[in-house]
Protein chains: 2
Amino acid sequence: MAVVNEKMEALGKVRSAIRDLFEYGLQRAKIVGAENVYDYSLGNPSIPAPDCVKDTMIELLEGDSVALHGYTSAAGADDVKEAVAASINERFNAGVTKNDIYMTCGAAASLTISLNALVCPGDEVVAVAPFFPEYRVFAQAAGAVFKVVKADTEKFQIDFDSFEETVGPNTKAVIINSPNNPSGAVLSRETIDRLCDALRKKEAEYGHQIFLLSDEPYRELVYDDIEVPYMINEYDDTLVCYSYSKSLSMPGERIGYIVVSNRMEGNTDVFAAVAGAGRALGFVCAPSMMQKVIAKNQGKTSDINAYRVNRDILYNALTGIGFEAVYPDGAFYLFVKSPEPDAKAFCEKAKKYDILMVPSDSFGVEGYVRLAYCVSKDKIERSIPAFEKLMAEYK
Amino acid sequence: MAVVNEKMEALGKVRSAIRDLFEYGLQRAKIVGAENVYDYSLGNPSIPAPDCVKDTMIELLEGDSVALHGYTSAAGADDVKEAVAASINERFNAGVTKNDIYMTCGAAASLTISLNALVCPGDEVVAVAPFFPEYRVFAQAAGAVFKVVKADTEKFQIDFDSFEETVGPNTKAVIINSPNNPSGAVLSRETIDRLCDALRKKEAEYGHQIFLLSDEPYRELVYDDIEVPYMINEYDDTLVCYSYSKSLSMPGERIGYIVVSNRMEGNTDVFAAVAGAGRALGFVCAPSMMQKVIAKNQGKTSDINAYRVNRDILYNALTGIGFEAVYPDGAFYLFVKSPEPDAKAFCEKAKKYDILMVPSDSFGVEGYVRLAYCVSKDKIERSIPAFEKLMAEYK
């Protein structure tokens, strides 16, 4: 008998490359000062939460403590789910009801709960590269075989040849993420239409549902007049996994939700499985005060324009120095081509200048690095000379 | 291929008996008014959080929003873990360091993370009846075979004959919970000594570690001068699962921790497995603001004396009417013997009088009902005539 579960031990020891860099950054900050670490590693928003968050919390704290801090129903408080549904319908006219909503402890919980609800032994879960590396961890921990659709490195849409090969009779779910972490790309209307057609064809061919998990923590973070289609309106077998971490700049607070589309066949069974998975994983209810905070601040966001400014400064500076990058439409990531084939080696070199970036390998594509530009504008500007020195090594 | 995971669907449909009653109570409250539902079903504290919680939150909200609401390290913020360790050592002289502490989203998360960290296929997890019913769900979802030590219905300590039979070569972990939900009993010094000796003997006999999970959300809720031994000091292979839900009256906020004893052989591997399990289950970090709140309020509790008063009113009234009950030393539960053998039938009869109680079957012992007396004193007093009418049916 092994002392502990070896898979869990390995996960705890290897750690996510991203969180590892974050911890490294914290250590470096103690040595050279936080202001001198150009930490582009983690999507930890530097823009404060909007004032309405603080105002709402102070207002709530004046009320009844027992109601404020008590358990809610496992799926979330009724009035909170009503507020969420109303906001979704106002924006997307999607016919969502409160009974379709399961409040969660953030996007990671939304994904693990959805995956544990859906996956049966032998099932496959498909992600489209590049993808958030924890998808692999979450899918495998739920008992799935994890498969990857190759990245379209032209425009970071979907490589449909690879999609056709990868999605098969054992595919239980496909995960998409638009705006995308790490590329910053938004899946276009054309891509979405083609994706949904392809999924419906596969469903008909294999005679069972293929669920679409739309992971949408960056939905509100788009910088120009770009459409981000609401997947509930596009494909019946959709579960939306949402988090307020980025839109309200409170990633540590762990608050989000799952929408199980009511247009899905067997939606009440799927919702029951979601509730069961939440229970089995130990999520009793989403944090109660934060449920009330988001209910009162639907449609609000932190100062997203600040990210737009950051994007343009960083993109223009880096491409000016000679780096190649995709111009991102959303999220707060710049996906930069590594000037040497080995992105890990490039990131190691960057550490000499206290630039922390995540190599793309763990995102399912080689030869790129991810820069999370949700840092201060000032820090971006001060980091440019460091990038110049770094690029000089390649000239 | 099944549409969804059937085990999760069943868990979501059957629901925990306790949460089911809670939802029923919410529905009844809409009909007859909340004040007329004598809901003893859920451990949802009615005593408000102490003022220090509100004061700390308002103070924190005046500070930097990014630091307040941002991600912390996965295991929790360093200064928070230091504060927790210092408080443990001050009270129990247990030699705990911040590196032994993993902050969690409450006691349920503490348990699911610990179980997923430890359990390998084929392992057994043992609980001592009566036990919190979700132990079974959590252990089975982690892949374990769940086994039960029969209840000692004399004093609700441990039936050591049953313990000897139940703990075997495949036992990976034993869960204890003192003060106990549902009996209110506290395991005595004598019981603890005997338990630890028995565990050490079993470890020697089988040649491997048997971990003790000490689930301690009720640690501070003891009403007389009763000792609750700190298990880290008693048995090397201990993990303490703690939550602030009850001590600070904020069960909805989901904040707690795991301590992996540093006296345990292989403790760093166990800690890594805990971190890996937290990651795999989708717990990114414990809610950040609540981490800071509890760090600043170590050793504080809500007005526990109110529960003592409730205990005495309810115990005296019910035994006065003719019910038999164990006089509880801790937690906020009264475990009452059902006046008919079928506790479920008794609970159904009680519903006629809008008294909601949980039958003991799901706690692993038959013929009792659990009353959570963490309700208002006023409600307890107003419920007595309803209990009198209920008892009249049995006379």
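Read the figures in this text as sums done on the coordinates, not as results from a lab. Predicted model, so just to flag it, every value in this text is computed and none were measured. In this analysis, Cβ positions are derived from the backbone assuming ideal geometry, glycine residues included, and neighbour counts consider all displayed protein chains.
Going by neighbour counts of Cβ atoms within 10 Å, the residues A:Val145, B:Val149, A:Val66, A:Val32 line up, fewest first, as A:Val32, A:Val145, A:Val66, B:Val149. Placing unit charges on each Cβ (+1 for Lys and Arg, -1 for Asp and Glu) gives the stretch A:250-332 a dipole about its Cα centre, and among A:Asn316, A:Gly282, A:Val260 the Cα reaching farthest toward its positive end belongs to A:Gly282.
Restricting the stretch B:4-77 to GluC sites (Glu not before Pro) that sit in a DSSP loop and have at most 16 other Cβ atoms within 10 Å of their own Cβ leaves B:Glu62. For the stretch B:122-135, 3J(HN,Hα) computed residue by residue from phi via the Karplus equation (6.51, -1.76, 1.60; θ = phi - 60°) reads x, 5, 10, 10, 10, 10, 9, 6, x, 9, 4, x, 5, 3 Hz, glycine and proline entered as x. Phi-derived couplings, Karplus 6.51 cos²θ - 1.76 cosθ + 1.60 at θ = phi - 60°, listed residue by residue for the stretch A:114-120: 4, 5, 5, 5, 8, 6, 10 Hz, with x used for Gly and Pro.
Partner shielding of B:266-274 amounts to 5, given as the average count of beta-carbon atoms from other chains within 10 Å of each residue beta-carbon. Largest GNM mean-square fluctuation among B:Leu111, B:Leu371, B:Leu318, using chain B with Cα springs under 10 Å: B:Leu318. Here is how far apart the B:Glu366 label points are across copies: 6.5 nm, shortest first, using a point 7 Å from Cα toward Cβ. Pairs of alpha carbons in the stretch A:163-311 separated by more than 20 Å make up 56% of all such pairs. Would you work out if the stretch A:230-289 is rounded, prolate or oblate? Take a ≥ b ≥ c from the square roots of the eigenvalues of the alpha-carbon gyration tensor; rounded if a/c is under 1.5, else prolate when a/b is larger than b/c, oblate otherwise. It is oblate, given that a/c is not under 1.5 and a/b is not larger than b/c. With a Förster radius of 41 Å applied to the C-beta separation of A:Asp342 and B:Ser87, the computed FRET efficiency comes to 0.30. Straight-line cross-link reach from A:Lys352 at under 20 Å between alpha-carbon atoms covers these aspartates and glutamates, not counting any fewer than eight positions away in the same chain: A:Asp20, A:Glu23, A:Glu35, A:Asp39, A:Glu340, A:Asp342, A:Glu381, A:Glu388, A:Glu393.
The overall shape of the protein assembly as shown is prolate: from the C-alpha gyration tensor, with semi-axes ordered a ≥ b ≥ c, the ratio a/c is 1.5 or greater and a/b exceeds b/c.
Semi-axes of the equivalent ellipsoid of the stretch B:320-395 are 17, 17, 11 Å, computed as sqrt(5λ) over the eigenvalues of the C-alpha gyration tensor in descending order. Inter-copy label distances at A:Phe92, shortest first and taken from points set 7 Å along Cα to Cβ: 4.6 nm.
With coordinates expressed along the principal axes, the C-alpha atoms belonging to the stretch A:92-194 extend over 39, 36, 24 Å, beginning with the largest. Extension gain for B:Glu154 to B:His208 (0.36 nm times residue separation, less C-alpha to C-alpha distance): 16.2 nm.
Against the empirical curve 2.2 N^0.38 Å, the C-alpha radius of gyration of the stretch B:135-235 lands at a ratio of 1.07.
Which FRET efficiency, nearest 0.05, do B:Lys201 and B:Asp79 yield, Cβ-Cβ r, R0 51 Å? Efficiency computed from Cβ-Cβ geometry: 0.80. The calculated 222 nm mean residue ellipticity attributable to helices in chain A amounts to -13000 deg cm²/dmol, summing -39500 (n - 2.57) over DSSP H runs of n ≥ 4 and dividing by all residues. The residue list A:Thr56, A:Phe346, A:Phe132 was ranked by how far each Cα lies along the charge dipole of chain A toward its positive end, using unit charges on Cβ atoms, and A:Phe346 comes out on top. Between copies, the label points at A:Lys351 (set 7 angstrom from Cα along Cα-to-Cβ) are spaced 6.1 nm, reported in nanometres from shortest to longest. Counting every other Cβ atom within 10 Å of each residue's Cβ, A:Cys52, A:Cys285, A:Cys347 order from fewest to most as A:Cys52, A:Cys347, A:Cys285. Counting only other chain Cβ atoms within 10 Å of each residue's Cβ, the peptide B:42-49 averages 4.
Efficiency by 1/(1 + (r/R0)^6): what FRET value for A:Lys30 and A:Asp64, r their Cβ-Cβ distance, R0 = 51 Å, to the nearest 0.05? E(calc), rounded to 0.05, equals 0.75. Distant-in-sequence amide contacts of A:Asp39, defined by a placed amide H-H separation under 5 Å and a gap of 5 or more residues or a different chain, comprise A:Leu356. Taken about its Cα centre, the stretch B:291-354 carries a charge dipole of about 400 debye when Lys and Arg each add +1 at the Cβ and Asp and Glu each add -1 at the Cβ.
With the cut-off at 1.5 for a/c, could you classify the stretch B:52-295 from its C-alpha gyration tensor as rounded, prolate or oblate? Note, shape of the stretch B:52-295 comes out prolate.
For the stretch A:341-395 versus the stretch A:255-326, the spacing of their alpha-carbon centroids is 26 Å.
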